[in-house]
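Heads up: the structure comes next, in structure tokens.
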Amino acid sequence: MNLNAKIPDGPLDQKWTKYKNTARLVNPANKRSIDVIVVGTGLAGASAAASLAEMGYKVKALCFQDSPRRAHSIAAQGGINAAKNYMNDGDSTFRLFYDTIKGGDYRAREANVYRLAEVSANIIDQCVAQGVPFARDYGGLLDNRSFGGTQVSRTFYAKGQTGQQLLLGAYSALSRQVGKGNVEMLNRHEMLDVVIIDGKARGIIARNLVTGAIERHSAHAVVLCTGGYGNVFFLSTNAMGSNVTAAWRAHKRGAAFGNPCYTQIHPTCIPVSGDHQSKLTLMSESLRNDGRIWVPKKKEDVEAIRAKRLKPQDIKEEDRDYYLERRYPAFGNLVPRDIASRAAKERCDEGYGVNATGEAVYLDFSSAIVRYGKAQANVKGIHNATDQQIIELGTKVVEEKYGNLFQMYEQIVAENPYKTPMMIYPAVHYTMGGLWVDYELMTNVPGLYACGEANFSDHGANRLGASALMQGLADGYFVLPYTIGNYLADEIRTGKIPTNSPEFDAAEKNVRDQINRIMNNKGTKPVDHFHKRLGKVMWDKCGMGRNEKGLKEAITEIRKIREDFYQDVRVPGTADYMNQELEKALRVADFIELGELMCIDALERKESCGGHFREEYQTEDGEALRDDNQFMYVAAWEWSGDPSSPKLNKEPLIYENIKVQQRSYK
Amino acid sequence: MAKGLFGSSLMKKFWMALTGIFLITFLVVHCLINAMIFFDDGGMTFNKWAHFMGTNLIIRTMEIVLFLGLILHIVDGLMLYFQNRRARPVKYAYEKASASSTWYSRSMALLGTLILLFLILHLYHFWLKTRITGLTVEPSHIFFDGHRYEDLFSEMKFVFKHLWVVIVYVLGCISLFWHLLHGFRSAFQSLGFNYTKYKSTIAFMGDAFSVIIPSIFAAMPVALYTGWIQ
Amino acid sequence: MEKGMNLKLKIWRQKNTNEQGKIVEYPVSNVSPDMSFLEMIDVLNDSLVAKGEEPVAFDHDCREGICGMCSMFINGEAHGPNRGVTTCQLHMRSFKEGETIYIEPWRSEAFPVIKDLMVDRGAFDRIQQAGGFVSVNTSGRTLDANAIPIPKEDADKAFDAATCIGCGACAATCPNGSAMLFVAAKVSQFALLPQGQVERKERVLNMVKQMDEEGFGNCSNIGACEVQCPKNISIEVIARMNREYLMANVKPEN
Ligand SMILES: Cc1cc2nc3c(=O)[nH]c(=O)nc-3n(C[C@H](O)[C@H](O)[C@H](O)COP(=O)(O)OP(=O)(O)OC[C@H]3O[C@@H](n4cnc5c(N)ncnc54)[C@H](O)[C@@H]3O)c2cc1C
Ligand code: SF4
Ligand code: FES
């Protein structure tokens, strides 16, 4: 397998400029006869589709929701990073680059990450020009906050709805192009296969989710912006529909899957409340700017809290264990996610969990409320303010910053987080792994691109907060539009690609066969039954802590689930109209195969790095222990025809510009 | 052009609001003049003013404008009503509209129709007689300071002898009250005048207006019927 | 474990856009008050699948109140009895033991039913395509983001309008079937920002035109929309749109 990352040579900070200056171009007249399919309309997809259409390509965009505006990016809360240094706190392109590589535990490609940091500032300019209402200070200028794993404030935000505002910005750009007729938007369409002709991606097979029609769409390039696969765990913070199908089908057609086992478990999510749970809700990382995480120091206090004899407010300051501040004084509550999550798990495993299931810690805003309250009292010239006044003023400030998150929490838990500390626990949130891509964001299949969370490229083994939005928009607005031309320059003479070739026939048949297999299966169990089983195996054995024994068991169990699935799944109704159970079944079938690959990858990687924590490989004080000699590579898995025996290819990672170190946030 | 002025949904709203406000101002004038009967001077002041209104050229011209405004208000309202019915061809099996809005704001067309029915009777009672057929009461004129006036006051007393008429008039005023209670502030909203700063002022004015004007109107037939005013 | 609630659901079932639908009754038992409303439907659906019946089709995705996909008319109200929340944020603790719950799709000429509780809200996309954007290309070569300071108050107001999730509850709940809250929220967001000024007039004219063509009803300022809007968008935005529209018509040419 050819894993040439095509990194331009020259100094790190000039690679991208050099690339842009030398990449081939397609002239405007020729662009009109070139078709590009963009699958997905999240930040990556909407921005890519809008940009390509503006440039003159003929674009078709797909999403499985009823409108492009509902892609999962809409749910992102906390913010987006950019090296603007508006706060004058020493930020720079290099620092953002460095933080991202270090945050990713030295498992990401230098050149890609540097480019990301380089274009980050443009994203903010672009979004403001589109009318994205970012938070501002009283001087009318943009406000910033801090996210984990950094010591500067470089995160731009719009309350706790940053993803929504950014996506609506990208959606407006996309809508403009749809209105002009430059993009054909196919809502409620799900891509189910890639068509490869003479080694090049030439189109897709998609199912119209309303009519059930299986459609053929041809193009000169296919761009997958289909998001992450966290839902392989069943419970995650991802939207219900998020899935791996598009990426997985591409993988089965030859695209390498990079680092599938790198999963991000987010430390601050609302804990599971019961068996009925269908998804988990994130409480944004931004809350760690102001919230302090703790559990009681004494076991008897824990007991009393669980038995509801004590309230968290009753625990005295000296009896609280602010374990992140204790263990990581330099970064405190703002350590990266993988570290915060493991620390929470460690405390709960030791028996300090504060809810009935023993799987929850506190995220407490009381000191922030007092701190802000005092500051406000000063600003407003209220001398000798009462405690009550201070709390009221402080509550207002906190509400201003995180109002919608607090409201969301209260809806779910039925407790007022301004008064009682929030209860939180880690949950699956993001997948760093994804389709392997080179510097041009092209997979190893020519003409097949992957952007946003669907690719593996920028976050190594752990993503820093507020960097996914940055990556999605960078890919779609500022990277792909340049790199795709370099490939399409060769396609100007190809002409329209017919959809009646044997390759299209075969791909369509493949899709129909799979649908028929599921529809004709007269099983007894709903799809969710298998999905839940898979999720439990993944969470228990391929989740926050992994070990050889568990992973081997998981692999066997997943094979069994796959077998059972095809024997016992039941999908009522027909395939020739809207059928949501069928949609789920097709997605879960792919998740089952992917789950196995994730376990195989995790088993193979005999080190701990970032979100991948192998219990066998840890330092004395429980930190991840990397093995750079053996594992400083990208694991790019190749489909062999059998989900149980994938082939491993390695792309070595070379660090020329930063010194690889043991990661420390102490 | 006509399409531009009436075609769009928002333009229909503007006309509704403009004619509404115009009719509101008419109500003020009408109410002030009729309230002259409460001087209890045997209708002297009232009859003088009525004479002025019936003979002044500007007022007579405005009367035409008033009718046009009224017709526009009605026609526009009906267009809205039917457009809105078409917008929801299938009704909800269970709808709890009261949870989010007041019944009268939802019933402007109904209230408007009731007011219109009352208005037909009202125009027959007074407008038709003063302007076209002449009054019913005998003698139909009185003399004062050497001038001849129609005795509209006596006509009122005559009309309001019948209990059913009084009831219909009071019901008309009640419809007017509900119609105004929504219509007054609605007109400002339609014209885009809804600022946090003035919100409570407009609401207060609207409520006060809706109570005061219809009450004064309603008091007239009642007062004449009960003989409170002679 | 404590025993949950027993409820009677009356759900609109409709095979497809062309066929007639009807209300079908389903009992559900052992419903935990901590469940979300959609999780309760999930349980019902699993039981239907087990019986070989087709599950109830409904739109949903994020299940945290932001994507705007979920859309149920519950007991006579859009998104159910609570305020400031979407269907997916509604929890069963808002219902009582033994209660009968009506569940219907959005009803609007412009939102045809696709299946059961699922409707087609493409009209909203088309309204957005008619003018809900700032015509700036995505080159990134724009002004520096801090080049134009925006008063915090304007920025906040624009943000409040921009939080609309496009769910359609406003149009579904409006006795007139009007979508004005949705349209006005978008118009207001851009009208409040300096970036939106250049296309201010065309935007409002085009968006209103499209709105009318989609078959929505006409606003008569009833205000039910703002009560039922899960994002608490105020009808002040409609007043703003009315102003914008009036101004755009008063001075059509520059
Ligand atoms: C709750 C939450 C909060 C987050 N907060 C932050 C944050 O504050 N900051 C940050 O930087 N990141 C955050 N993230 C991460 C970030 O939101 C995502 O990584 C990012 O938005 C992914 O964007 P995307 O464009 O790659 O994919 P998505 O937005 O997931 O879009 C995927 C698109 O692909 C389409 N699609 C998928 N499969 C198919 C198919 N087979 N056929 C057709 N269409 C398909 C979907 O319809 C959708 O349009 C958060 C994530 C979550 C879950
Ligand atoms: S205005 Fe409110 S109710 Fe209407 S679509 Fe937007 S969020 Fe939904
Ligand atoms: S499912 Fe996304 S808002 Fe309800």
(request) For region A:266-428, compute Rh as the Kirkwood radius over C-alpha pairs and then the Stokes-Einstein diffusion coefficient at 4 °C and 1.567 mPa s; write the answer in µm²/s, rounded to an integer. (result) 79
(request) Report, to the nearest 10°, how far helix C:200-213 tilts away from the longest principal axis of the Cα atoms in chain C, using its own Cα long axis and a range of 0 to 90°. (result) 40
(message) Just to confirm, what accessible area per residue do you get for region C:5-115 at 1.4 Å probe, in whole Å²?
(response) 32
(request) Report, as an integer, the average count of C-beta atoms from other chains found within 10 Å of each Cβ along A:62-69. (result) 5
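Mind ranking A:39-47, A:450-458 by how tightly packed they are, going by the mean number of other C-beta atoms within 10 angstrom, highest first?
A:39-47, A:450-458
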(message) Just checking the output field for A:48-56: average partner chain Cβ neighbours within 10 Å of each residue's Cβ?
(response) 2
(request) Scan chain C and report its longest stretch carrying no trypsin sites (Lys or Arg not before Pro) that are both in a DSSP loop and have at most 14 other Cβ atoms within 10 Å. (result) C:142-254
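Using a 1.4 Å probe and counting only protein heavy atoms, how much accessible surface gets buried when C and A come together, both sides summed, in Å² to the nearest 100? Mind dumping the intermediate values first?
Details: alone 13510 and 25340 Å², together 32440 Å².
Summing both chains' loss of accessible area gives about 6400 Å².
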(request) Measure nothing but the geometry: give the 0 to 90° angle between the long axis through the Cα atoms of B:196-226 and the longest principal axis through the Cα atoms of chain B, rounded to 10°. (result) 40
(message) What translational diffusion coefficient, to the nearest whole µm²/s, does region A:75-119 have by Stokes-Einstein, given a Kirkwood radius computed over alpha-carbon pairs, a temperature of 10 °C and 1.306 mPa s viscosity?
(response) 141
(message) Taking every alpha carbon pair in region A:1-149, what does the distance histogram look like in 10 angstrom bins from 0, in percent?
(response) 9, 27, 36, 24, 4, 0
(request) Order the peptides A:247-254, A:168-175 from the highest to the lowest mean number of other Cβ atoms within 10 Å of their residues. (result) A:168-175, A:247-254
(request) Express the carbon and sulfur contribution to the solvent-accessible surface of region A:511-630 as a percent, rounded to the nearest whole number, probe 1.4 angstrom. (result) 47
(message) Averaging over every viewing direction, what projected area does the convex hull of the Cα atoms of region A:605-647 cover, in nm²?
(response) 3.8
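How do B:Ile142, B:Ile167, A:Ile561 stack up against each other in accessible area, from largest to smallest, with a 1.4 angstrom probe? Walk me through the numbers before you get to the answer.
Working: B:Ile142 45, B:Ile167 85, A:Ile561 5 Å².
Greatest to least solvent exposure: B:Ile167, B:Ile142, A:Ile561.
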(message) Could you give me D for region A:511-630, from Stokes-Einstein at 20 °C and 1.002 mPa s, where the hydrodynamic radius is the Kirkwood radius over C-alpha pairs? Units µm² s⁻¹, please.
(response) 136
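If I compute solvent accessible area with a 1.4 Å probe over the protein chains, what percent of it on region B:9-226 is carbon and sulfur?
Whole-percent figure for carbon plus sulfur exposure: 73.
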(message) I need the per residue convex hull volume for region B:9-226, using only the alpha carbons, in cubic angstrom as a whole number.
(response) 156
(message) Restricting things to Cα coordinates, could you compute the convex hull volume per residue of region C:122-249 in Å³?
(response) 107
(request) Could you rank the peptides A:400-413, A:277-290 by their average count of other C-beta atoms within 10 Å per residue, with the highest value first? (result) A:277-290, A:400-413
(message) Rounded to the nearest 20 debye, what is the charge dipole size of chain A about its Cα centre when +1 sits on each Lys and Arg Cβ and -1 on each Asp and Glu Cβ?
(response) 880
(message) Based on alpha-carbon atoms only, what is the radius of gyration of the protein assembly as shown relative to the globular estimate 2.2 N^0.38 Å?
(response) 1.05
(message) Students sometimes get this wrong: rank A:Thr494, B:Thr226 by accessible area, probe 1.4 Å, all chains present, largest first.
(response) B:Thr226, A:Thr494
(request) At q = 0.12, 0.19 Å⁻¹, what is the base-10 log of I(q)/I(0) for region C:5-115 according to the Debye formula with one equal point scatterer per Cα and no solvent? Please give it to two decimals. (result) -0.39, -1.04
(request) Could you pull the Rg and Dmax for region A:1-53, using just the Cα atoms, both in Å? (result) 14.8, 37
(request) Give the Debye-formula value of log10 I(q)/I(0) at each listed q (0.07 Å⁻¹), with one equal scatterer per alpha carbon of chain A, two decimals each. (result) -0.44
(message) How shielded is A:169-179 by partner chains, expressed as the average number of their Cβ atoms within 10 Å of its Cβ atoms?
(response) 6
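Can you give the convex hull volume per residue for the Cα atoms of region A:42-81, as a whole number of Å³?
Details: hull volume 2.7 nm³, N = 40.
Roughly 68 Å³ of hull volume per residue.
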(request) Any chance you could give the angle, 0 to 90 degrees and rounded to 10, that helix C:180-191 forms with the longest Cα principal axis of chain C? (result) 40
(message) I'd like the residues of region A:229-243 whose 1.4 Å-probe accessible area shrinks by no less than 40 Å² going from the isolated chain to the full set of protein chains.
(response) A:Met240
(request) Considering only protein heavy atoms, with the full assembly of protein chains and a 1.4 angstrom probe, order B:Tyr81, B:Tyr149 by accessible area, largest first. (result) B:Tyr81, B:Tyr149
(request) With N denoting the number of residues in chain C, provide Rg(C-alpha) divided by 2.2 N^0.38 Å, to two decimal places. (result) 1.14
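The values are calculated or read from the model by the stated rules, or taken from the named source; none is laboratory data. None of the values given here were measured: they were computed from a predicted structure. Cβ sites come from the backbone with ideal geometry, for glycine too, and all protein chains shown count toward neighbours. Only protein heavy atoms, including side chains, enter the accessible area calculation; ligands, DNA and RNA are left aside. Shrake-Rupley method; radii C 1.70, N 1.55, O 1.52, S 1.80 Å.
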